[in-house]
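**Student:** Shown below is the structure under consideration.
Bear in mind that the values in this text are calculations on the coordinates, not laboratory data. Predicted, not measured: the structure shown is a model, and the values here were computed from it. Don't worry about glycine lacking a Cβ; one is built from the backbone with ideal geometry, like all the others, and counts go over all protein chains shown.
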Amino acid sequence: MTFDDTTLQAIIDCKPQGDFGPFAASDEEAAENYACQLRAAIAASNQFAVYQQADEYGSGYASFFDLFISKQPLQTALADGENRDVDGISLYINRLAPIAVFGPQQVAVKQSWPGTIQGWRGHVPVSQLNQLPSGDWREELATINYWLQQYGYTLLDPTTAQQPLSFSAADVGYEWNLFGTATVYDALFYWVD
């Protein structure tokens, strides 16, 4: 898949783009359902714990699903009021194009009252795309790659991700939120308030 200005502007405008199925047909509902199926397949894995971020950031729309994959459940052995950092992989599955990225992430978790876990984390910066956290994550990565391939998704390579955009947000008609500095990554993985 190529990421020329026309393709990227269509994705920013919530129009699916791709070489097959619902993406090629620009069918937003079908593309969303297809991405949901991939998300569910990964979440159903019994090799790791998967936590799904809400489908939006704030009150708007995110162009991707945000999954946090850890080797252990976030709530393991937390006493009331205790804090702990959990290492894992953040996987972003695009809803509008068959593309994904991942990166290392650490979630700060706290048990605020018995049975309730709160977690905080940031976003994967473009400089850390397709990198893993410390430790051995080969099995988890193999499972992620298996499901991405089954659904025809490819990983966005970091070189392409870092390419600057030749247009501004104003050119596509509304304000959208960027992870970095107006790169291809920002155009593919964004949210709108």
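**Student:** For the stretch 1-54, place one equal point scatterer on every Cα, skip the solvent, and apply the Debye formula. What is log10 of I(q)/I(0) at q = 0.15, 0.26, 0.30 Å⁻¹?
**Tutor:** With no solvent term, the Cα-only Debye profile gives -0.54, -0.96, -1.10.
**Student:** Under a plain spin-label model, where a point goes 7 Å from the Cα along Cα-to-Cβ, how far apart in nm are residue 130 and residue 1?
**Tutor:** The modelled label-to-label distance comes out at 1.4 nm.
**Student:** Between residue 85 and residue 37, take the C-beta separation as r, use R0 = 35 Å, and let me know the FRET efficiency to the nearest 0.05.
**Tutor:** Details: r = 32 Å, r/R0 = 0.91.
Given R0 = 35 Å and the Cβ-Cβ separation, E is 0.65.
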